[in-house]
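Undergrad: Next up is a structure, given as structure tokens.
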Amino acid sequence: MCTGSNIGKYVREPIGTMPIQKVNTNTILNQVGLRKLWTEQHPTAVILHSHLKRMFSLAIANKYYRGDNPAAWVGHLEHILPRSKDVHRAEHHSWGRVEDGRGSLGHSATLRFPSPLIEPDVPD
């Protein structure tokens, strides 16, 4: 998954010193690597794309960036990158039968409270 440290890996390292006005769609797809991630590590790419889209929206709103959002999906990247359903299949795992109250590890799901100061709100 794409975490804060991955943002540094995918964004700060390749383009962190570049003036924002010089960043374009080609930069995002190739230097940041969104095109490759989109097909090889799709969940990470989706999160990275979301961060980029928001960063550019903020930059546009504050007049740091002029022009269209180079990370916009609608009307832009949707015509360049394949659809999510064409590159990613979510795998759903069986968690056991619901009626026996047991999860995939075979133990009963029980809430545990970390401190005696926190009491569960149990109706009378």
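Undergrad: To the nearest 0.05, what FRET efficiency results for R66 and K36 with a Förster distance of 30 Å applied to their C-beta separation?
TA: 0.60
Undergrad: Report the gain in length on full extension from I80 to A59: 0.36 nm times residue separation, minus Cα-Cα distance, nm rounded to one decimal.
TA: Net length gain for the segment: 5.3 nm.
Undergrad: With 10 angstrom as the radius, rank M55, M18 by how many other C-beta atoms surround their C-beta, starting from the fewest.
TA: M18, M55
Undergrad: Rounded, prolate or oblate: which fits the stretch 4-87, taking a ≥ b ≥ c as square roots of the Cα gyration tensor eigenvalues, rounded meaning a/c under 1.5, else prolate when a/b beats b/c?
TA: Oblate is the answer for the stretch 4-87, as a/c is 1.5 or above yet b/c matches or exceeds a/b.
Undergrad: List L48, L81 from most exposed to least, where exposure is judged by having the fewest other Cβ atoms within 10 Å.
TA: Numbers: L48 25, L81 18.
Placing the least packed residue first, the sequence is L81, L48.
Any read-out appearing in this document is the output of simple, stated calculations on the displayed coordinates, not a laboratory observation. Owing to the predicted nature of the structure, the values given are computational and were not obtained by experimental measurement. Neighbour counts are summed over all protein chains in view; Cβ atoms, including those assigned to glycine, are modelled from backbone coordinates with ideal geometry.
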